[in-house]
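For reference, the structure is listed below as structure tokens.
The values are calculated or read from the model by the stated rules, or taken from the named source; none is laboratory data. Not measured: the values here are computed from a predicted model. Positions of Cβ are backbone-derived with ideal geometry, glycine not excepted, and every protein chain shown enters the neighbour counts.
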Amino acid sequence: MNHLKSLIREIPDFPKPGILFYDITTLLKDSAGLRGVVDGLKEHYGGSGIQLVVGMEARGFIFAPALAYVLGAGFVPVRKPKKLPGERISVSYQLEYGSDTLEMHTGAIEPGQRVIIVDDLLATGGTAAATARLVEQAGGVVAGIGFIVELTFLNGRDKLGGYDVFSLIQYDS
């Protein structure tokens, strides 16, 4: 995974001074890098009987459908409020700076379906934990939560106790 890490551009002081931003767009434009991400996630989750891959708006939409395709699973989007037509279920959660809400179509997940949740980054874990609650509210079984990048120093795994949490790339500071 060091090859994948070398493809991520580090941008200091973005979005504000003192923050080091890990930009995955440089990894995405590299065909071997993008393939390495999908293959790495497939290697971890393949053979697990996954029926659906859930991806959160917006960067989860990049990886989750590709992973669903290689696993022979379906894809379910989780979106911000008022972006999905039709009947929806929702979950609200706290952020460091306020609160947010996520929504999913009612009936997108059938009771008992094995689901993995995929996103680009594990930071504090709030969005992933909320998505897991949403999947379980729909009756799905969260078989794992996968990330491309994990910022281990933010302890996001602490909010995801009890789940199989997997990340391809870790940053310790």
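When the strands (runs of 3 or more DSSP E) confined to segment 77-173 are screened for residues that are surrounded by fewer than 13 Cβ atoms within 10 Å (Cβ to Cβ) and touching a helix residue (DSSP H, G or I) at 6+ places or on another chain (Cβ under 7 Å), those reaching at least 1 such residues are found at 88-95. Flag not set for Gly86, criterion: over 16 Å from the mean Cα position of the chain (by Cα), farther than 30 Å from Ile19 by Cα and at pLDDT 95 or above.
Beta carbons closer than 8 Å, at least 6 apart along the sequence or on distinct chains, pair a first residue in segment 56-68 that is over 18 Å from Lys83 (Cα atoms) with a second that is part of a loop (DSSP other than H, G, I, E, B) for Leu67/Ala73. For segment 142-159, state whether one or more residues are under 17 Å from Ile89 (Cβ atoms), touching a Gly at 6+ places or on another chain (Cβ under 8 Å) and among the aliphatic types (A, V, I, L, M). Scanning segment 142-159, I find no residue that is under 17 Å from Ile89 (Cβ atoms), touching a Gly at 6+ places or on another chain (Cβ under 8 Å) and among the aliphatic types (A, V, I, L, M), so the answer is no.
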